[in-house]
1. So HIS89 clears everything in (1) surrounded by fewer than 10 Cβ atoms within 10 Å (Cβ to Cβ); (2) under 30 Å from VAL134 (Cβ atoms); (3) not aliphatic (A, V, I, L, M) except one condition, right? Which one?
2. Within segment 44-76, how many residues turn out to be in contact with a Ser or Thr (Cβ under 9 Å, 6 or more places away or on another chain) and closer than 17 Å to ARG10 by Cα?
3. Output the residues belonging to segment 55-86 that are surrounded by 13 or more Cβ atoms within 10 Å (Cβ to Cβ) and over 27 Å from the mean Cα position of the chain (by Cα).
4. Which condition number does THR138 fail, the rest of (1) modelled with pLDDT under 85; (2) of a type in the set (Val, Ile, Thr); (3) within 30 Å of VAL7 (Cβ to Cβ) being met?
5. Does any residue of segment 85-98 turn out to be under 30 Å from LEU39 (Cβ atoms) and either of a type outside the set (S, T, N, Q) or part of a helix (DSSP H, G or I) (or both)?
Amino acid sequence: MAQYVCVEKRDEEELRHYGLNFPIYTHFTSPIRRYADLLVHRLLTITLKEKENTRSKIDGLDYSELTEAISEKSFKARKASKDCQTLFHCLLLKEHGPRVYNCLIFDVEPTNLMIYIEELNIHLHVRPRDDRRVDQTTFFDDAL
C-alpha cells in the first residue's frame, strides 16, 4: 500500500516505486484535491525558485508529522468508505430482506474467493472457512 514519507529519513530502497521500477518516485495531482500534493508543490516551488540554495531553505522544514497524519487520514478515509458501504448493504438487507444475487467469482485461492456483485456494485473478499454466514464448504472435482 502506498504511503507518504519524508525522503531524508528513509533509505533509498524505501523510495523505490515497485510497479514502475523507478529508483526514486513522487507524484502529485491537483492541489485542490489533496493536501499531500500541496506539500509537494511547496517543495517544488522552493526548488525552482531557490535552485542552488534549495537545501538551505528546506533543511528547516519537517514534514514528517504531516506525512504521517496524511497517511493515517487516508487509511481512515478508506476504512470509513468501506464501513459506509457495509452500512448501506445492511440497511438494504434490513429493508428488503435476504436476497440471492448473481455474482462473478474472479479469483479463487485455496482459502478465499474474490467476488463481484454487479447489482450492488461491490467487490468482496470472502474466506468461506472463516465466514460465519457459510454453513459448509464442499468442493466438487467435476464442477464447471
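The values are calculated or read from the model by the stated rules, or taken from the named source; none is laboratory data. The structure presented is a predicted model; accordingly, all values stated were derived computationally and were not measured. All Cβ positions, even for glycine, are placed from backbone atoms using ideal geometry, and neighbour counts span all protein chains on display.
1. (1)
2. Final tally of qualifying residues: 1.
3. Within segment 55-86, LYS57, ILE58, LEU61 meet the criteria.
4. THR138 satisfies every listed condition except (3).
5. yes
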